[in-house]
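**Student:** This is the structure, below, for whatever I ask next.
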Amino acid sequence: EIIYSWVFNEFPSFVAEDSRRFISQETGNLYISKVQTSDVGSYICLVKNTVTNARVLSPPTPLTLRNDGVMGEYEPKIEVHFPYIVTAARGTTVKMECFALGNPVPTISWRKVNGHNPSKARLRKSQAVLEIPNVQLEDAGMYECKAENSRGRNVFRGQLQVYTYPHWVEKLNDSQLDSGDQLRWECKATGKPRPTYRWLKNGVPLWPQSRIEMVNGVLMIHSVNLSDAGMYQCLAENKYGTIYASAELKILASAPTFPLNQMRKAIIITKGQEVVIECKPQASPKPTITWKKGDKVLKENKRITILPHGSLRILNASKSDEGRYLCQGVNVFGSAEIIATVSVKEPTRIELTPKKIELTVGESIVLSCKALHDSTLDVTFYWTLNGQPIDFEKEGGHFESIKAQASSADLMIRNILLMHAGRYGCRVQTAADTVSDETELLVRGPPGPPGVVIVEEITDTTATLSWSPGADNHSPISLYNLQARSPFSLGWQTVKTVPDVISGDMESAMAVDLNPWVEYEFRVVATNKIGTGDPSAPSRVIRTNEAVPKTPPANVSGRSGRRHELVIAWEPVSEEFQNGEGFGYIVAFRPNGTRGWKEKMVTSSDASKFIYRDESVPPLTPFEVKVGVYNNKGDGPFSPIVVICSAEG
């Protein structure tokens, strides 16, 4: 591609394009619609190659101004326009030029006749160029360029035609046909203009003949033979390009042969069964199939039919169907045959006992499976639980298979567990048939764990709890047991409840006699006639409400001290019985025989002694002493009064 530009007077002063001046990239010409004094000078055409950047300059052309008159106003005259027919490949960018001379300087406008300008279209060079990028089929049509000034107007119309290269919609696939079959190949392509089709065989043009038809991309060959084998090509072409699709045609021609798995077969079935004896020889062309039983050609009837692919089907078999069957396949290249022997036996019957069993966890049972079968056949027994084979190795000694005699087998289940409940199946297999029977085993056991425990309401000494019942394992739940755990208990302990006995139909109860201000977890255990089950999951940890303390310190006594001191000691109250925050002690004492108590507060909950010092107290003076408790909720009880003495002298 080359680009045209014009140098004014000297390089590198270029002519600037505007509504008055235009350089056509089609012709290379410079057009000035209305000359001005400033245009006088020397003009040089510069041509540049966009790939190599090589430049070529023309000799200078002078533009002079004549002094013998003035050009008057006149209507636009379209000097540059696009061709009457513009062709473009789909996906390319189309540029259409239109420029007019005139006085005053004309304005250029564009429109698509019978439609709208494409939304992606751009106007360049003061509207003298209409540019349509990525042009599509819908952009094709008649375009009009209009030049207009105060003296009049002029228009030019041209057709934009968008073409596309041929493109495959449907290609060919290799074909493998029997001699005498019909070939039909179709290739489809799109393109604008619409493509036409040609066919080649082994690179040479193919023409219609007596057996060969070619219509609109469809090739048909009737009754193919070996001479038709080869490589075929379909060509789709329009004036802008050609595309190729190719495929191979193979013609099969062979005498019948049978795969090894169909050769000499012994088929054993039972009375009343359906049997299909396969006869599918590989041959080309397709062979003719005939069946014989013994030496006689087999006649079809309601029970005995030859299927479309050649196999023989016998319905509701009986003893009369026993014998030697021969299938023969024949075509022009040869023949082959297979032999099958059919034996018809008595059907196997089975009895599994006992039929429905109810057991308790830990018990044992023997299931017995007896088979009544044709004496000429061997039998094999298989045991299943809920449809899955029992793995005697993995089951930890709970299952044992006992083969009592040739026609029966027993299944021993020892120390039965809940997980062993289900449908037990016995399957008996012979060379002729397979039969099975099932029995239901129900296992009663202690209840499953109840559902999660929810704390509905909490006070200082009670908690109202609810739960959902677990599985009763086929024995109704008789009662529930409520258990609690706190940081002060040894594991889980049964708690007192209201009601005292929680019957199996209840789903809520109240735990009572709890300690205030202690964190508890609760769980529920269910019991039935068989035993007690696993406990529920624990409830969330919850603290009981605060209350006035009820437990005074124990073992209030005296301790040795210094002269004039009264030392009072006690065992601190455990956190379990402090009943709330702000726990402390009130120490009360008075000399023996006096009335008023002197009281002192000890704010530490861990304190275990208090020292009272008084210089006026003689040695070994007896005092009555008691120690009380308190917390944020109020004062609690005092310990019993004890008499202790002040220190020795």
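**Student:** Can you find a residue in segment 114-122 that is open to solvent by 80 Å² or more (accessible area, probe 1.4 Å), touching a residue at least 24 places away in the same chain (Cβ under 8 Å) and over 30 Å from HIS167 (Cβ atoms)?
**Tutor:** Taking segment 114-122 and keeping what is open to solvent by 80 Å² or more (accessible area, probe 1.4 Å), we get 114, 116, 119, 122.
Checking which are touching a residue at least 24 places away in the same chain (Cβ under 8 Å) leaves us with 114.
Imposing the further condition that a residue be over 30 Å from HIS167 (Cβ atoms) reduces the set to none.
No, segment 114-122 contains no residue that is open to solvent by 80 Å² or more (accessible area, probe 1.4 Å), touching a residue at least 24 places away in the same chain (Cβ under 8 Å) and over 30 Å from HIS167 (Cβ atoms).
**Student:** If you don't mind, there's one more thing I want to ask. Out of all the residues in segment 433-452, which are open to solvent by 10 Å² or more (accessible area, probe 1.4 Å) and of a type in the set (A, V, I, L, M)?
**Tutor:** VAL435, LEU442, VAL452
**Student:** Among the residues of segment 200-220, write down those that are part of a strand (DSSP E or B) and either touching a Leu at 6+ places or on another chain (Cβ under 9 Å) or open to solvent by less than 80 Å² (accessible area, probe 1.4 Å) (or both).
**Tutor:** Passing the criteria: LEU200, LYS201, PRO205, ILE212, GLU213, MET214, VAL218, LEU219, MET220.
**Student:** Which residue, of ASN29, ASN67, is on the phi < 0 side of the Ramachandran plot, of a type in the set (S, T, N, Q) and exposed (fewer than 13 other Cβ atoms within 10 Å of the Cβ)? Before the answer, list the steps.
**Tutor:** Details: ASN29 fails: exposed (fewer than 13 other Cβ atoms within 10 Å of the Cβ).
Unique residue meeting the criteria: ASN67.
**Student:** Where residues in segment 362-378 are modelled with pLDDT of 90 or more and buried (at least 18 other Cβ atoms within 10 Å of the Cβ), which of them is nearest to GLY531 (Cα to Cα)?
**Tutor:** Filtering segment 362-378 for residues that are modelled with pLDDT of 90 or more and buried (at least 18 other Cβ atoms within 10 Å of the Cβ), the one nearest to GLY531 (Cα to Cα) comes out as LEU367.
So that you can scan it fast, the table gives a plain yes or no per residue for (1) open to solvent by 40 Å² or more (accessible area, probe 1.4 Å); (2) of a type outside the set (Ser, Thr, Tyr); (3) farther than 15 Å from PRO572 by Cβ:
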| site | (1), (2), (3) |
| --- | --- |
| GLY593 | yes, yes, yes |
| GLY596 | yes, yes, yes |
| ASP606 | yes, yes, no |
| LYS609 | yes, yes, no |
| GLU615 | yes, yes, yes |
| VAL627 | no, yes, no |
| LYS633 | yes, yes, yes |
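**Student:** Now, a different point. State all residues of segment 402-413 that are loosely packed, with under 14 Cβ neighbours inside 10 Å and not small (Gly, Ala, Ser); if no residue qualifies, say none. Outline the logic, then answer.
**Tutor:** As a first pass, look at segment 402-413 and keep what is loosely packed, with under 14 Cβ neighbours inside 10 Å: 402-406, 412.
The answer is ILE402, LYS403, GLN405, MET412.
**Student:** Criterion first (farther than 23 Å from VAL169 by Cα, open to solvent by less than 40 Å² (accessible area, probe 1.4 Å) and touching a residue at least 12 places away in the same chain (Cβ under 8 Å)) does ASP181 satisfy it? If you could, list the steps in order and put the result at the bottom.
**Tutor:** Numbers: farther than 23 Å from VAL169 by Cα: yes; open to solvent by less than 40 Å² (accessible area, probe 1.4 Å): no; touching a residue at least 12 places away in the same chain (Cβ under 8 Å): yes.
No, not satisfied.
**Student:** Next question, about the same structure. What residue, among those in segment 244-274 that are among the small types (Gly, Ala, Ser) and more than 29 Å from ASN173 (Cβ to Cβ), is least open to solvent (accessible area, probe 1.4 Å)? Explain how you work it out, then say what you get.
**Tutor:** Taking segment 244-274 as the starting set, the residues that turn out to be among the small types (Gly, Ala, Ser) are 245-247, 253-255, 266, 272.
Cutting the leftovers down to more than 29 Å from ASN173 (Cβ to Cβ) gives us 266, 272.
Details: ALA266: 89, GLY272: 46 Å².
Taking the candidates together, the pick is GLY272.
**Student:** Now, a different point. Residues in segment 331-352: is at least one open to solvent by 50 Å² or more (accessible area, probe 1.4 Å), of a type in the set (S, T, N, Q) and in contact with a Gly (Cβ under 7 Å, 6 or more places away or on another chain)? Give the derivation first.
**Tutor:** So in segment 331-352, the residues open to solvent by 50 Å² or more (accessible area, probe 1.4 Å) come out as 332-333, 335, 337, 341, 346-347, 349, 351.
Cutting the leftovers down to of a type in the set (S, T, N, Q) gives us 335, 341.
The next check asks that each one be in contact with a Gly (Cβ under 7 Å, 6 or more places away or on another chain); those that pass are 335.
Yes, segment 331-352 has at least one match.
**Student:** Among the candidates LYS550, LYS529, which residue alone is touching a Ser or Thr at 6+ places or on another chain (Cβ under 6 Å) and open to solvent by 20 Å² or more (accessible area, probe 1.4 Å)?
**Tutor:** Working: LYS550 fails: touching a Ser or Thr at 6+ places or on another chain (Cβ under 6 Å).
Residue meeting the stated conditions: LYS529.
**Student:** Is there a residue being under 17 Å from PRO622 (Cβ atoms), open to solvent by 80 Å² or more (accessible area, probe 1.4 Å) and in contact (Cβ under 8 Å) with a residue 60 or more places away in the chain anywhere in segment 561-568?
**Tutor:** At the first step, the residues of segment 561-568 found to be under 17 Å from PRO622 (Cβ atoms) are 561, 563-568.
Checking the rest, the ones that are also open to solvent by 80 Å² or more (accessible area, probe 1.4 Å) come to 563.
Imposing the further condition that a residue be in contact (Cβ under 8 Å) with a residue 60 or more places away in the chain reduces the set to 563.
Within segment 561-568, one or more residues are under 17 Å from PRO622 (Cβ atoms), open to solvent by 80 Å² or more (accessible area, probe 1.4 Å) and in contact (Cβ under 8 Å) with a residue 60 or more places away in the chain.
**Student:** Hey, could you check segment 390-401 for residues that are open to solvent by less than 60 Å² (accessible area, probe 1.4 Å) and either among the basic types (Lys, Arg) or over 38 Å from the mean Cα position of the chain (by Cα) (or both) and say which is nearest to LEU367 (Cα to Cα)?
**Tutor:** Applying the filter and picking the extreme gives PHE399.
**Student:** So the check is Cβ under 9 Å with 6+ separation or different chains; which pairs have a first residue in segment 39-56 that's farther than 13 Å from PHE14 by Cβ and a second one that's in a strand (DSSP E or B) and of a type in the set (D, E, K, R)?
**Tutor:** Short answer, once both residue conditions are applied: ASP39/ARG21; VAL47/ARG55; ASN49/ARG55; ALA54/LYS48; VAL56/LYS48.
**Student:** Sort out which residues of segment 499-524 are assigned to a strand (DSSP E or B) and either touching a residue at least 60 places away in the same chain (Cβ under 8 Å) or over 46 Å from the mean Cα position of the chain (by Cα) (or both), and write them in order of number. If you could, list the steps in order and put the result at the bottom.
**Tutor:** Residues of segment 499-524 that are assigned to a strand (DSSP E or B), as a first pass: 502-503, 508-511, 519-524.
Matches in segment 499-524: ILE502, SER503, MET510, ALA511, PHE522, ARG523, VAL524.
**Student:** Same structure, new question: Hey, VAL556 hits all of (1) more than 28 Å from LYS609 (Cα to Cα); (2) of a type in the set (A, V, I, L, M, F, W, C); (3) buried (at least 18 other Cβ atoms within 10 Å of the Cβ) but one; which does it fall short on?
**Tutor:** Only one criterion in (1) more than 28 Å from LYS609 (Cα to Cα); (2) of a type in the set (A, V, I, L, M, F, W, C); (3) buried (at least 18 other Cβ atoms within 10 Å of the Cβ) is unmet by VAL556, namely (1).
**Student:** With TYR244, TYR197 as the choices, which residue is closer than 12 Å to TRP185 by Cβ and part of a strand (DSSP E or B)? Before you say what the answer is, go through the steps one by one.
**Tutor:** Numbers: TYR244 fails: closer than 12 Å to TRP185 by Cβ.
The conditions single out TYR197.
**Student:** Identify, from the list SER284, SER223, the residue that is small (Gly, Ala, Ser) and open to solvent by 60 Å² or more (accessible area, probe 1.4 Å).
**Tutor:** Numbers: SER284 fails: open to solvent by 60 Å² or more (accessible area, probe 1.4 Å).
None of the other options fit; the residue is SER223.
**Student:** Taking into account only those residues within segment 29-49 that are in a loop (DSSP other than H, G, I, E, B) and closer than 21 Å to ALA147 by Cα, which is nearest to the chain's Cα centre (by Cα)? Step through it out loud before you land on a result.
**Tutor:** The first filter runs over segment 29-49 and keeps only residues in a loop (DSSP other than H, G, I, E, B), leaving 29, 33-36, 40.
Narrowing further to those that are closer than 21 Å to ALA147 by Cα: 29, 33-36.
Details: ASN29: 66, SER33: 69, LYS34: 72, VAL35: 74, GLN36: 75 Å.
Only one residue fits best here, namely ASN29.
**Student:** Could I ask something else about it? Quick one: in segment 226-236, which of the residues that are among the hydrophobic types (A, V, I, L, M, F, W, C) and in a strand (DSSP E or B) is surrounded by the most Cβ atoms within 10 Å (Cβ to Cβ)? It would help to see each step written out before you state the result.
**Tutor:** Quick first cut of segment 226-236, residues among the hydrophobic types (A, V, I, L, M, F, W, C) only: 226, 229, 231, 234-236.
Restricting the remaining residues to those that are in a strand (DSSP E or B) gives 231, 234-236.
On the way: MET231: 13, CYS234: 27, LEU235: 20, ALA236: 25.
So the residue we want is CYS234.
**Student:** If I filter segment 50-64 for residues that are among the aliphatic types (A, V, I, L, M), assigned to a loop (DSSP other than H, G, I, E, B) and within 30 Å of ARG151 (Cα to Cα), do I get at least one hit? Give the derivation first.
**Tutor:** Narrowing segment 50-64 to residues among the aliphatic types (A, V, I, L, M): 51, 54, 56-57, 63.
Cutting the leftovers down to assigned to a loop (DSSP other than H, G, I, E, B) gives us 51, 54.
Keeping just the survivors that are within 30 Å of ARG151 (Cα to Cα) gives none.
Checked segment 50-64: no residue is among the aliphatic types (A, V, I, L, M), assigned to a loop (DSSP other than H, G, I, E, B) and within 30 Å of ARG151 (Cα to Cα).
**Student:** Give the residues of segment 383-418 that are touching a Lys or Arg at 6+ places or on another chain (Cβ under 9 Å) and either outside the structural domain of GLU438 (by the TED database) or of a type in the set (Asp, Glu) (or both), sorted by residue number.
**Tutor:** GLU400, ASP410 - these are the residues of segment 383-418 that are touching a Lys or Arg at 6+ places or on another chain (Cβ under 9 Å) and either outside the structural domain of GLU438 (by the TED database) or of a type in the set (Asp, Glu) (or both).
Residue-by-condition table, conditions (1) in contact with a Ser or Thr (Cβ under 9 Å, 6 or more places away or on another chain); (2) surrounded by fewer than 18 Cβ atoms within 10 Å (Cβ to Cβ):
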| residue | (1), (2) |
| --- | --- |
| ILE78 | no, no |
| ILE85 | no, yes |
| THR92 | no, yes |
| MET142 | no, yes |
| VAL162 | yes, no |
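**Student:** Is it the case, given these coordinates, that ALA317 is in contact with a Gly (Cβ under 7 Å, 6 or more places away or on another chain), assigned to a strand (DSSP E or B) and within 30 Å of MET263 (Cα to Cα)? Give the derivation first.
**Tutor:** On the way: in contact with a Gly (Cβ under 7 Å, 6 or more places away or on another chain): yes; assigned to a strand (DSSP E or B): no; within 30 Å of MET263 (Cα to Cα): yes.
No; evaluated as a whole, the condition is false for this residue.
The values are calculated or read from the model by the stated rules, or taken from the named source; none is laboratory data. Bear in mind that the values here come from a model prediction, so they are computed numbers and not experimental data. Backbone-built Cβ (ideal geometry, glycine too); neighbour counts: all protein chains shown. Each accessible area value is taken on the protein alone, full model and side chains, heavy atoms only, with ligands, DNA and RNA left out. Shrake-Rupley method; radii C 1.70, N 1.55, O 1.52, S 1.80 Å.
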